[in-house]
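In what follows, a structure is listed as structure tokens, so that the remarks can point back to it.
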Amino acid sequence: MRVAIELQLLAAAVLIGLVHLIWAAAAAQPQRGLKWNVGPRDTPIVLTGMAGRLERAFANFRETFPLFAVAVVVTYLSGRIGYLTAHGALLYVAARAIYVPLYAFGVPVARTIVWLLSFIGLGMVLAAMVV
């Protein structure tokens, strides 16, 4: 049985999330230190530079990924997958993959455009429910 492209792209989005997590944690380590990481983390440490940008990029991913995941699963389970969901999911995943380095390296305008493209991709998946 062939796995739907939408579900494959959902798995790819999970991998992007793992890259976000690992890259953000690795970049934050020098600023936070081992004592903070293994401790109760009661005192927040404001990250600067690339570490701060990666933390914010990961927070942004965590805001949109659950919406994307639910949209893909609902359209898949309801039998509404097709051209719109496949291309919307591809747009979301590709844009989110590009977004990470753009945010990490502080590229301002392009980052916002890429975020908007990911949001359009999410909208395309959702639109399949009403089309």
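Please treat every number below as a calculation from the coordinates, not as lab data. What you are looking at is a predicted structure, and each value in this text was computed from that prediction instead of being measured. Counting neighbours? That spans all protein chains shown, and the Cβs are built from the backbone with ideal geometry, glycine included.
Across region 96-102, coupling constants 3J(HN,Hα) worked out from phi with the 6.51/-1.76/1.60 Karplus curve, θ = phi - 60°, read 5, 5, 6, 4, 4, x, 4 Hz, and Gly and Pro carry x.
Treat the count of other C-beta atoms within 10 Å as a stand-in for reagent exposure and order 43, 75, 85 from fewest to most. Can you show the working numbers first?
Values: 43 7, 75 23, 85 26.
Ordered by Cβ neighbours within 10 Å, fewest first: 43, 75, 85.
By the count of other C-beta atoms within 10 Å, a proxy for reagent exposure, 83, 76, 99, 92 are ordered fewest to most as 83, 76, 99, 92. Extension gain for residue 34-residue 131 works out to 29.8 nm (0.36 nm per residue, less the C-alpha to C-alpha distance). Counted by neighbouring Cβ atoms within 10 Å, the residues 124, 129, 50, 1 run from fewest to most as 1, 129, 50, 124. Per residue, the chain reaches -28500 deg cm²/dmol at 222 nm when only DSSP H runs of four or more residues are counted, each adding -39500 (n - 2.57). Remark: region 43-55, residue by residue, has Karplus-estimated 3J(HN,Hα) of 9, x, 10, 7, 7, 10, x, 4, 4, x, 5, 5, 4 Hz, where x stands for each Gly or Pro and the curve is 6.51 cos²θ - 1.76 cosθ + 1.60 at θ = phi - 60°. At full extension, residue 109 and residue 70 could sit 11.2 nm farther apart than now, given 0.36 nm per residue minus the alpha carbon distance. Considering the chain at the alpha-carbon level, its Rg and Dmax are found to be 16.7, 53 Å.
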